[in-house]
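Below is one structure, written out as structure tokens; comments come after it.
The values are calculated or read from the model by the stated rules, or taken from the named source; none is laboratory data. Only a predicted model underlies this, so the values are computations on that prediction, with no experimental measurement involved. Ideal geometry is used to build each Cβ from the backbone, glycine not excepted, and the neighbour counts take in all protein chains shown. Please note that ligands, DNA and RNA were not included when accessible areas were found on the heavy atoms of the full protein model with its side chains. Shrake-Rupley method; radii C 1.70, N 1.55, O 1.52, S 1.80 Å.
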Amino acid sequence: MLDADIRRWAVCECDQRWHRAIRRFGPAMTPDPLVLDVVESDTSSIVDALIPELPAVVLWEVEPISLRESAHQFIKTNERFPLALQLVADGGLSVRERLLLAEFPVAVLLRQPEQLPKIRPLIEGHFASAAQPVD
């Protein structure tokens, strides 16, 4: 297996809730012959978790207290890893705080892990190469 065959999800969260959900739903969202790799990360180790030349998904759990720091991290991650699709797991944000996220490079806001299968077309399309057919 080559590094180019790996599609990584970096999960930045307080506990294992989203990590378990991605392990459950992620394989169905990863087009063949690509291989899913789910890693735990945090803001300081995201640089080590991603490969700049490969598509990846970063799922950030964002709570009201961490919104400011998270917003800075979205921008830094987008600049350093332009092929990373950033998702936010809502950790109790208000309506106003959720609306504020629209100003940042965040593709989707998820409130429950059970919503992951609904974004399957987005993930498949992001992970697929030009030579792979995607529905």
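Look at (i) 15.0; (ii) 15.8; (iii) 15.4: the one that is Kirkwood radius over Cα pairs in Å derived from this structure is (i). With each label modelled as a point 7 angstrom along the Cα→C-beta vector, the Asp5-Gln115 pair spans 3.4 nm.
Counting only DSSP H runs of at least 4 residues, each contributing -39500 (n - 2.57), and dividing by the residue count of the chain, the helix-based mean residue ellipticity at 222 nm comes to -9500 deg cm²/dmol. Here the chain has 53 percent of its accessible surface on carbon and sulfur atoms, given a 1.4 Å probe and all protein chains in place.
For the chain, the per residue solvent-accessible surface stands at 56 Å², with DNA, RNA and ligands left out and a 1.4 Å probe. Taking Cα atoms only, the orientation of helix 17-29 departs from the longest principal axis of the chain by about 30 degrees. Of the residues Val38, Pro64, Leu83, the one whose Cα sits farthest toward the positive end of the charge dipole of the chain, with +1 on the Cβ of Lys and Arg and -1 on the Cβ of Asp and Glu, is Pro64. Each Lys and Arg adds +1 at its Cβ and each Asp and Glu adds -1 at its Cβ; summed about the Cα centre, the range 60-101 shows a dipole of about 140 debye.
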